[in-house]
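Below: one structure, written as structure tokens.
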Amino acid sequence: MLIRVDPSSEAPIFEQLAASVRAEVARGTLVPGDRLPSARELAESLEVNLHTVLHAYQELRDEGLVDLRRGRGAVITDQAVANLELQAAVRELVAEARSRGVGLAAVVALINEEFRS
């Protein structure tokens with residue numbers, strides 16, 4: 001597993017960290033049950049602030065990609081692969097909607113209608 005950041009990038013470092021983990025899951029390098037480095041270890045190895053790493057891990061937790069537990073660290077969840085597949089499907093939906101000139105409000109209305117049925 002290779003988690004990288006680009007200090008010259010305009011993207012915040014915590015977003016780069018989270019994106020790097022997402023990419024590793026998408027590639028299959030990280031699978032459910034795999035542990036991420038401790039926040040302290042990762043912060044030291046990348047020479048970034050501990051709270052920056054914790055912010056990235058919390059974002060991944062909020063997305064359902066990792067489970068955070070004291071003493072156990074950050075662990076890739078079973079839900080991680082499903083979430084990434086769903087995100088890919090959403091990207092395809094958005095691209096299709098854009099290509100057809102369908103606006104955000106119309107897409108959201110269609111999704112709401114599907115959820116209700």
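The values are calculated or read from the model by the stated rules, or taken from the named source; none is laboratory data. Predicted, not measured: the structure shown is a model, and the values here were computed from it. Positions of Cβ are generated from backbone atoms using ideal geometry, with glycine treated the same way; all protein chains shown enter the neighbour counts. These area figures cover heavy atoms from the full protein model, side chains too; ligands, DNA and RNA do not enter into them. Shrake-Rupley method; radii C 1.70, N 1.55, O 1.52, S 1.80 Å.
Summarise the accessible area of the chain (1.4 Å probe, protein heavy atoms) by the percent that is carbon and sulfur. List each step's numbers first, then the result.
Values: 4140 of 7940 Å².
The C+S portion of the solvent-accessible surface of the chain is 52 percent.
Restricting to Cα pairs below 8 Å that are 6+ residues apart, what does the relative contact order work out to for the chain? Please round to a whole percent.
Dividing the mean separation by the residue count of the chain yields 22 percent.
What accessible area per residue, rounded to a whole number of Å², is obtained for the chain using a probe radius of 1.4 Å?
Details: 7940 Å² over 117 residues.
The answer is 68 Å² per residue.
Farthest toward the dipole's positive end in the chain, which of PRO7, ALA18, ILE76, given Cβ charges of +1 (Lys, Arg) and -1 (Asp, Glu) about the Cα centre?
It is ILE76, whose Cα lies furthest towards the positive end.
Ranked from highest to lowest mean number of other Cβ atoms within 10 Å per residue, what is the order of the peptides 37-43, 88-94? Intermediate results must be reported in sequence, preceding the final value.
On the way: 37-43: 16.1, 88-94: 11.4.
With the highest mean Cβ count within 10 Å placed first, the list reads 37-43, 88-94.
For a quick check, take a GNM of the chain with Cα springs below 10 Å and name the residue from VAL81, VAL25, VAL102 with the largest mean-square fluctuation.
Top of the fluctuation ranking is VAL102.
Using +1 on the beta carbon of Lys and Arg, -1 on that of Asp and Glu, and nothing else charged, what's the dipole of the chain about the Cα centre, debye to 20?
Rounded to the nearest 20 debye, it is 180 debye.
What translational D, rounded to a whole number of µm²/s, comes out for the chain from Stokes-Einstein when the hydrodynamic radius is the Kirkwood one over Cα pairs, at 4 °C and 1.567 mPa s?
After rounding, the answer is 82 µm²/s.
Net charge around LEU86, counting only other residues with Cβ within less than 13 Å of its Cβ (Lys, Arg = +1; Asp, Glu = -1)?
-1
What residues from segment 66-98 fall in the zone where the backbone N is under 11 Å from a label point 7 Å along the Cα-to-C-beta line of ARG116?
None, by backbone N distance to the label point.
Using the Cβ atoms and a cut-off under 10 Å, what net charge is assigned to the surroundings of ILE76, where Lys and Arg are +1 and Asp and Glu are -1?
Here the count lands on -3.
Would you mind computing the Rg to Rh ratio of segment 41-98 from its alpha-carbon coordinates, Kirkwood style for Rh?
Rg/Rh for segment 41-98 comes to 1.13.
Note down the nm distance, to one decimal, between modelled labels 7 Å out along Cα→Cβ at ARG98 and at ALA11.
In this crude spin-label approximation the distance works out to 1.6 nm.
Evaluate E = 1/(1 + (r/R0)^6) for ALA23 and ARG70, where r is the Cβ-Cβ distance and R0 equals 22 Å; express this FRET efficiency to the nearest 0.05.
Using R0 = 22 Å, I get an efficiency of 0.25.
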